[in-house]
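Enquirer: The structure is given below, and queries will be raised subsequently.
The values are calculated or read from the model by the stated rules, or taken from the named source; none is laboratory data. Bear in mind that the values here come from a model prediction, so they are computed numbers and not experimental data. Note that we place each Cβ from the backbone using ideal geometry, even for glycine, and neighbour counts take in every protein chain shown. All accessible areas refer to the heavy atoms of the entire protein, side chains included, with ligands and DNA or RNA removed. Shrake-Rupley method; radii C 1.70, N 1.55, O 1.52, S 1.80 Å.
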Amino acid sequence: MGLLTFKGGIHPNDGKSLAKDQPIMELLPKGDLVYPLSQHIGAPAIAAVKKGDHVLKGQKIAEAGGFVSAPIYASVSGTVKAIEKRLNPTGSSVDCIVIENDGAYEEAEKLPVKTIGEMSRDEILNTIAEAGIVGMGGAGFPTRVKLSPKEPDKIDYIIANCAECEPYITADYRRMLENTRELVNGMRIVLSLFENAKGIFGVEDNKPDCIAKLKEAIKDEPRMEVKVLQTKYPQGAERQLIYATTKRAIHAAMLPADAGCIVDNVETLIGIHYAVAEGRPLTERIVTVSGDAVQNPGNYKVLLGTNHRELIEAAGGWKEEPQKLISGGPMMGFAMITLDAPVTKTSSAILAFKEDIVAKSQVSACINCGRCVEVCPSRIIPSRLADYAERHDEEIFVNQNGLECVECGSCSYVCPAKRPLKQAIGSMRKIALANKKKK
């Protein structure tokens, strides 16, 4: 029987050997901590502190700004220095709370803790919401909202995204090896919300050590299963992961819950464990520091709000000055214009490369080779959609299924003409989706 997968996809150089064997190291910040009020999809959080306030580690400093929002907690003790505009990792100027770290790490009282059996469904969901848990694979969707479908009895599968298919990133890999118990308990907590659901850990076959550890950890869990996936990008994209593990297909107008599935990232499930089982709000995450310009690539437990420059210093600085900095993975991440930006809930990695290969590429005319169609996991025609996008023809773009694009970048990767297909399609998707919301 073949490995589980989907149609399309690519096999880029994964670059994971640079950091995969480096155990998670704890990094304590030296400078100020900066907390953007929008670290999630939905309404920005609302500051609950003011300049001059003294705060404790684990103290709520911003309230959720609505149902689709999430609170923010201080990751250090110290004094609120300012509430002002600062740059986030994507280069946007956003409202932030700035805290001067006093180095004492004096902690606030933790969230109330009960055993899962003592907690009602609403209590578990409220704890997850109160802890500020969001999708930490990059999307940042508030987890409480994701775990509150209209018909919970129709959820058949809770899928743990253990694929980590983005090149270079090894944060989830280290979590699976070093925090197996917490990951499995996070799944156990989520399954307690859905009586009819089965838990699936979808792991690519290039992680045999993780597969073995997870299988051993769930051997007495009848509602959990490890499914081995073919190593291929974008195996960890939500739609592709759902199809590979369940053979259920979803499209742009559907949510995973419409197909009876909920997908959570490794880091998110571990955050759920810490919140519900240990009363710890979200104040930290694992970040991979890697790339050929980094002296000592590794994986770090980082307090939210830490400056990216401190991560590079912890990794030994540069081998040589990089031409390209990326927040996240090289396929779906964002180019960074400065290291002076904070780690947020969705910061999975910072990558630094000696060469900016994309900037040096010479774009030429499409030769109609069809490679972009062959690799597209959404089974659309990227070359044509990019043409429509470049002509600003929104109507035909939508009619030709442009909204089905998952912006994985596979088309741009294989294009011999070096056309920026993903960027063109992604820009038009955002416009079309915004206009759709107005109607």
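Enquirer: What is the number of the single condition among (1) part of a loop (DSSP other than H, G, I, E, B); (2) more than 26 Å from LEU325 (Cα to Cα); (3) free of Cβ contacts under 8 Å to residues at least 40 places away in the same chain that GLU355 does not meet?
Expert: (2)
Enquirer: Of everything in the stretch 388-417 that's under 25 Å from the mean Cα position of the chain (by Cα) and of a type in the set (A, V, I, L, M), which residue is surrounded by the fewest Cβ atoms within 10 Å (Cβ to Cβ)?
Expert: VAL414
Enquirer: Are any of the residues in the stretch 54-66 part of a strand (DSSP E or B), open to solvent by 40 Å² or more (accessible area, probe 1.4 Å) and more than 18 Å from THR344 (Cβ to Cβ)?
Expert: Yes - at least one qualifying residue is present in the stretch 54-66.
Enquirer: Turning to a different aspect of this structure: So how many residues does the stretch 78-106 have that are assigned to a loop (DSSP other than H, G, I, E, B) and open to solvent by less than 80 Å² (accessible area, probe 1.4 Å)?
Expert: Of the residues in that region, 9 qualify.
Enquirer: Hey, among the residues in the stretch 107-159 that are aliphatic (A, V, I, L, M) and open to solvent by 60 Å² or more (accessible area, probe 1.4 Å), which one's nearest to the chain's Cα centre (by Cα)?
Expert: Looking at residues that are aliphatic (A, V, I, L, M) and open to solvent by 60 Å² or more (accessible area, probe 1.4 Å), I get ALA139.
Residues checked against (1) open to solvent by 10 Å² or more (accessible area, probe 1.4 Å); (2) of a type in the set (D, E, K, R):
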residue	(1), (2)
PRO222	yes, no
ARG239	yes, yes
HIS251	yes, no
ALA259	yes, no
LEU269	no, no
ALA275	no, no
GLN295	yes, no
VAL302	no, no
GLU320	yes, yes
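Enquirer: Right, another one. Taking strands (runs of 3 or more DSSP E) that fall entirely within the stretch 231-320, which contain at least 2 residues that are closer than 27 Å to MET119 by Cα?
Expert: Passing ranges, in order: 261-265, 284-290.
Enquirer: Kindly establish whether VAL49 is assigned to a strand (DSSP E or B), among the hydrophobic types (A, V, I, L, M, F, W, C), more than 23 Å from ARG144 (Cα to Cα) and modelled with pLDDT of 95 or more.
Expert: no
Enquirer: Also, I was wondering about something else. Quickly run through the stretch 209-220 and pick out the residues that are basic (Lys, Arg) and either surrounded by 16 or more Cβ atoms within 10 Å (Cβ to Cβ) or outside any helix (DSSP H, G or I) (or both).
Expert: Selection gives LYS213, LYS219.
Enquirer: Considering each residue of the stretch 161-204, count those that are assigned to a helix (DSSP H, G or I), within 27 Å of LYS150 (Cβ to Cβ) and open to solvent by less than 10 Å² (accessible area, probe 1.4 Å), and give that number.
Expert: 5
Enquirer: Quick check: is even one residue across the stretch 365-387 open to solvent by less than 30 Å² (accessible area, probe 1.4 Å), of a type in the set (Val, Ile, Thr), within 29 Å of the chain's Cα centre (by Cα) and closer than 28 Å to ILE242 by Cβ?
Expert: Yes, that holds for at least one residue.
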